[in-house]
Amino acid sequence: MWREDNKDIEKMEKILKSIHIEDIPSEEIEKYKSEFKAHLNEKFEKVTSQKGRIRVFKMNFAYGIVAVVLILFAFSFVYTRPYFVKLAVAKVIENKLGYKVSLKDIIVNDGVGIVIYNLDEITVDILNKSIETNSPIQYELSNEEKEKAVEIFRNSREAKNFVLNPGTPPQDVSKNDILSVKGLLFPKSNKKLIEVITTAYSAPEESTQYHRNVIYVKFLIDIDRGTIQY
Amino acid sequence: MDEHELIKKAIKDREAFGKIVDIYYKDVFKYIYRRTLDKEITKDLTQETFLNALKYFHTYREESSILFWLFGIATNVVNLHYRKEIDERKFFERYETHSKNNDSPDDNIDFKFIHRYITTLPEMEQVVLTLFFFENRTFQDIALILNRSVNSIRKTYYRGLKNLKRKLENDGYKF
């Protein structure tokens, strides 16, 4: 098979080598060349200036791409930086105070992370890893704020299924009397929380199965988010 | 002035470019003619080859000669021309209208006859066979022109010969 192939190839080579190619007369080619050179006089400037324009366009295009990349990079930094600050703040709080805070509760302000935990405003400067704790200041609530806070409380899942202690049955405190509504302002973050105090029943004591005490329960309402904050 | 200096000058200087045209026009024209067998088309494609050379002088690398570089450009220009022709289906019409007979192909064989078959081969095989048999270039030269390895050129060459033979046999020619 291989020998046969080889023979065929040799035969084809022989055929192709034997082909005589009719030469084009040199005068004819010279004529075409002269025509082209005459045409080239017009074309040369056009092609070279076009090349220059293409080079300028390519340069501008490259600069444009670089500018777009830089802008995108800067924007990505703007969006990702707060996330990294939140991560660092959560880490510092966990290490120094032993609390675990959720990233969504951390407010980032000028590279400083602020979180409200147990009615304290904890400010963490991640550069020098310092922690400052502030108590909220009481402020005068408007009627509108009061109504909104009460409405959030009455409609909340937390009030409708209030569990006093783990293991005790849930109770609905959403329709109970409201004893007080107080505005709390956290100075560093300017965050406002509204404290709503209402009543609930304590769990029945073991000795007197039917005796239940009325107790006061405190709810913290975040009216910006429309939620109850623990 | 050596070839490379001439190229550097020709980018901006019309006289220097004219010199390149003077030196290489004939060779490029002949090569294109051997692939197209049409003087008018060859004239246009040669012109296109030199204008492309003027546009892309910055792509010229000193390791090959100007002639080989121009052959490379001419190869692309001719291939592009054939692709357009195939799109317009003219090529197939031309191929189908050639007379069929059962003579041995080496009786009265001429370039026009074999050219019809060569132009039906894949692009690279056409180029390699034309450069080898009708431009008398070596495998090394062809490798430089097409920017490929000598081995790959050799393989394309043998594949081209086999395909050419098969096409002749398919049309009833006996060896």
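The values are calculated or read from the model by the stated rules, or taken from the named source; none is laboratory data. What you are looking at is a predicted structure, and each value in this text was computed from that prediction instead of being measured. Positions of Cβ are generated from backbone atoms using ideal geometry, with glycine treated the same way; all protein chains shown enter the neighbour counts.
A few comments on the model shown:
- Qualifying residue in segment A:78-99 (condition: at positive phi, more than 14 Å from chain B (Cβ to nearest Cβ), surrounded by 10 or more Cβ atoms within 10 Å (Cβ to Cβ) and not charged (D, E, K, R)): no
- Scanning segment A:179-192 for residues that are surrounded by fewer than 16 Cβ atoms within 10 Å (Cβ to Cβ) and either of a type in the set (A, V, I, L, M, F, W, C) or touching a Gly at 6+ places or on another chain (Cβ under 9 Å) (or both) returns A:Leu179, A:Leu185.
- Residue match in segment B:134-151 (condition: facing another protein chain (nearest Cβ under 9 Å) and touching a residue at least 24 places away in the same chain (Cβ under 8 Å)): yes
- Segment A:1-29: number of residues that are farther than 23 Å from B:Phe113 by Cβ, surrounded by 11 or more Cβ atoms within 10 Å (Cβ to Cβ) and more than 8 Å from every other protein chain (Cβ to nearest Cβ): 1
- Restricting segment A:137-165 to residues that are in a helix (DSSP H, G or I) and of a type in the set (Asp, Glu), the residue that is surrounded by the fewest Cβ atoms within 10 Å (Cβ to Cβ): A:Glu144
- Neighbours by Cβ (under 8 Å, 6+ apart or cross-chain): first from segment A:38-54, at the interface with chain B (Cβ under 9 Å from one of its Cβ atoms); second small (Gly, Ala, Ser) and assigned to a helix (DSSP H, G or I): A:Leu40/B:Gly18
- Qualifying positions in segment A:182-215 - at pLDDT 90 or above and over 25 Å from A:Asn134 (Cα atoms): A:Thr198
- Exactly one residue among B:Tyr82, B:Tyr31 is of a type outside the set (Val, Ile, Thr) and either surrounded by fewer than 19 Cβ atoms within 10 Å (Cβ to Cβ) or away from every other protein chain (no Cβ under 14 Å) (or both), and that residue is B:Tyr82.
- Residue match in segment A:27-50 (condition: part of a helix (DSSP H, G or I) and farther than 30 Å from B:Lys12 by Cβ): yes
- Of the residues making up segment B:38-56, those that are more than 9 Å from every other protein chain (Cβ to nearest Cβ) and either crowded, with 17+ Cβ neighbours inside 10 Å or in a helix (DSSP H, G or I) (or both) are B:Glu40, B:Ile41, B:Asp44, B:Leu45, B:Glu48, B:Thr49, B:Asn52, B:Ala53.
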